[in-house]
Amino acid sequence: MIRPRRLIERWGLDPESLPGENEERHASWLELFFDLVFVLALAAVQNRLTDEVPDVDEILRTAGLFVIVWWAWVGQAFYDTRFDPDDLGHRLVVLVGMIGAGIMAVGAKDAPKTLLLPIGYLVVRGTLLVLYLRVRSTGATARRLTTVYFVGFSAGLLFWVASLAVPAHDRPMLWLIGLVVEVLTPWLGRRRLIQHPVHPSHLPERIGQFTIILLGVSLTDLIGAVPTRPSPAVVVVAIAGFLIPASVWWVYTTFVTMGLTSSRLSAGLGYATVHGAIGSALLLLGWCLGQAVREVGAGREDLPQMLRLLLAVSLASWMLGGLALQRIALGTIPPLRLGIGVVAIGLVGAAALVPPPLALIPLLALLMICYAVVVSRLIVRFGKERIGT
């Protein structure tokens, strides 16, 4: 029988090298390098939305692919925030996982016709399980935590493996089942995960960096839609369109900087789940703004109704996500904050009824700037009150 200490030595892992809960931590260079590959995967997912307004089925397929990419990334983030010894073995395994993420990026455009997406996902998730195996014997709470992931993630991966042997049109259903199994795993094992809490500053920083990456992908789509010699109308819409994600950045960075969630993260599941919804909204927002610029560049005077609806849905979803983050941070949503959110969502919905892009996009930009100014001040006030208590 191999004793825990001998197993640790065999893996070359020093328990004392693992980060402590109270230790100040920031993203490592390896984590930032890991993110770069997922930028490509996110861009590939967004590129599935062509220059034509997609139907509901294509939007749902694209949203599903985003969830797959997001879940592949967030699994690594949760491991790193609890363990991350950053030794030779860890780096080598993560680099293999990055290869899997790269395979996912290549396969995202043509999924489910190609097997590259499930193969890449199996590599990413398989390397994560190897990392958990390395730390399994470092303590009693680590054994309980890794058991949750081994059982749930292994069960979910069986569906991904099975998808390799079925026709292309049947693969998404198996992916969905496997993903549901994995997503439910930490929630069902939450009592065990709470015993080994996530790092109170590191996890918000990592998820915040991923959110900024999504904003960057959104801006890329917007800027890429501007022609070499833009007309004055295109310039107006593009500048106004830029102000919308800039307002999102303003509110979000204020929230993260105030550190409101640091004492309420627990297992971090609610915080990550809300960010998954926010991320999909930002990805859709970027495509909508880029498409609006393309419509203006093509000389169209009115935006299609579906495009205006998607634009309103993306902004409303982001605002609802902000309210949910406020709930996680404070344990409640202050009435003033809730009222502002409801009014803002209503105004966004009303603005989406305006067909001309030269009126709609600047109007949404003005609404978002006002929203950013008011909500950011409230967040700062809530943060100071929290520090004062």
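The values are calculated or read from the model by the stated rules, or taken from the named source; none is laboratory data. Treat the numbers as computed from the prediction; the structure is a model and nothing was measured. When we count neighbours, we look across all protein chains shown, and the Cβ atoms used for this are built from the backbone with ideal geometry, even at glycine.
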- [ ] Return yes or no: is residue 137 of a type in the set (Gly, Ala, Ser), surrounded by 14 or more Cβ atoms within 10 Å (Cβ to Cβ) and farther than 20 Å from residue 186 by Cα?
- [x] no
Open item on the list: If I filter the range 54-66 for residues that are outside any helix (DSSP H, G or I) and either hydroxyl-bearing (Ser, Thr, Tyr) or on the phi > 0 side of the Ramachandran plot (or both), do I get at least one hit?
Closed with: no
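I need a count of the residues in the range 80-101 that are surrounded by fewer than 19 Cβ atoms within 10 Å (Cβ to Cβ) and assigned to a helix (DSSP H, G or I).
First pass over the range 80-101, keeping only residues surrounded by fewer than 19 Cβ atoms within 10 Å (Cβ to Cβ): 86-89, 91-93, 95-96, 99.
After this cut, where a residue has to be assigned to a helix (DSSP H, G or I) as well, the list is 88-89, 91-93, 95-96, 99.
Of the residues in the range 80-101, 8 are surrounded by fewer than 19 Cβ atoms within 10 Å (Cβ to Cβ) and assigned to a helix (DSSP H, G or I).
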Task: Check on residue 133, among the aliphatic types (A, V, I, L, M) and over 16 Å from residue 71 (Cβ atoms) - done: yes
Open item on the list: Based on this model, can you work out whether residue 309 counts as out of contact with any helix residue (DSSP H, G or I) (no Cβ under 9 Å at 6 or more places or on another chain), surrounded by fewer than 23 Cβ atoms within 10 Å (Cβ to Cβ), at pLDDT below 95 and under 30 Å from residue 72 (Cα atoms)?
Closed with: yes
- [ ] With the condition kept exactly as written, say whether any residue in the range 293-301 is touching a residue at least 40 places away in the same chain (Cβ under 8 Å), of a type in the set (Asp, Glu) and either surrounded by fewer than 14 Cβ atoms within 10 Å (Cβ to Cβ) or not assigned by TED's automatic domain parsing to the domain that holds residue 241 (or both).
- [x] yes
Task: Any pair with Cβ under 9 angstrom, 6 or more apart, that starts in the range 307-333 at a residue that is over 18 Å from residue 385 (Cα atoms) and ends at one that is among the polar types (S, T, N, Q) - done: 307/291; 310/291; 311/291; 314/280; 317/280; 324/273
Open item on the list: Show the residue pairs meeting these rules: Cβ distance below 8 Å; 6+ apart or different chains; first residue within the range 243-256 and touching a residue at least 24 places away in the same chain (Cβ under 8 Å); second residue hydroxyl-bearing (Ser, Thr, Tyr) and crowded, with 23+ Cβ neighbours inside 10 Å.
Closed with: 245/218; 247/371; 251/371
Open item on the list: Yes or no: the range 362-374 includes at least one residue that is touching a helix residue (DSSP H, G or I) at 6+ places or on another chain (Cβ under 9 Å), among the hydroxyl-bearing types (Ser, Thr, Tyr), in the same structural domain as residue 295 (by TED's automatic domain parsing) and buried (at least 16 other Cβ atoms within 10 Å of the Cβ).
Closed with: yes
- [ ] Name every residue in the range 228-254 that is modelled with pLDDT of 90 or more and not aliphatic (A, V, I, L, M), in order of residue number.
- [x] 230, 231, 232, 241, 242, 245, 247, 249, 250, 252, 253, 254
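Here is a yes/no grid of residues against (1) in a helix (DSSP H, G or I); (2) in contact with a Pro (Cβ under 9 Å, 6 or more places away or on another chain):
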{"residue": "265", "(1), (2)": "no, yes"}
{"residue": "270", "(1), (2)": "yes, no"}
{"residue": "288", "(1), (2)": "yes, no"}
{"residue": "292", "(1), (2)": "yes, yes"}
{"residue": "306", "(1), (2)": "yes, yes"}
{"residue": "322", "(1), (2)": "yes, no"}
{"residue": "338", "(1), (2)": "yes, no"}
{"residue": "348", "(1), (2)": "yes, no"}
- [ ] Can you tell me which residue among 313, 342 is assigned by TED's automatic domain parsing to the domain that holds residue 285, aliphatic (A, V, I, L, M) and closer than 20 Å to residue 284 by Cβ?
- [x] 313
- [ ] Answer yes or no as to whether residue 105 is small (Gly, Ala, Ser), in a helix (DSSP H, G or I), buried (at least 19 other Cβ atoms within 10 Å of the Cβ) and more than 20 Å from the chain's Cα centre (by Cα).
- [x] no
- [ ] Could you tell me whether any residue of the range 114-123 is farther than 16 Å from residue 40 by Cβ, in a helix (DSSP H, G or I) and aromatic (Phe, Trp, Tyr)?
- [x] no
TODO: Quick one: in the range 323-352, of everything that is among the small types (Gly, Ala, Ser) and closer than 16 Å to residue 364 by Cα, which residue is surrounded by the most Cβ atoms within 10 Å (Cβ to Cβ)?
DONE: 352
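Each row is one residue, and each column tells you yes or no for (1) over 30 Å from residue 265 (Cα atoms); (2) of a type in the set (Asp, Glu).
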residue: 301; (1), (2): yes, yes
residue: 344; (1), (2): no, no
residue: 348; (1), (2): yes, no
residue: 359; (1), (2): yes, no
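Please determine, by comparing only the residues of the range 151-161 that are buried (at least 16 other Cβ atoms within 10 Å of the Cβ) and among the hydrophobic types (A, V, I, L, M, F, W, C), which one is farthest from residue 177 (Cα to Cα).
Going through the qualifying residues, I end up with 153.
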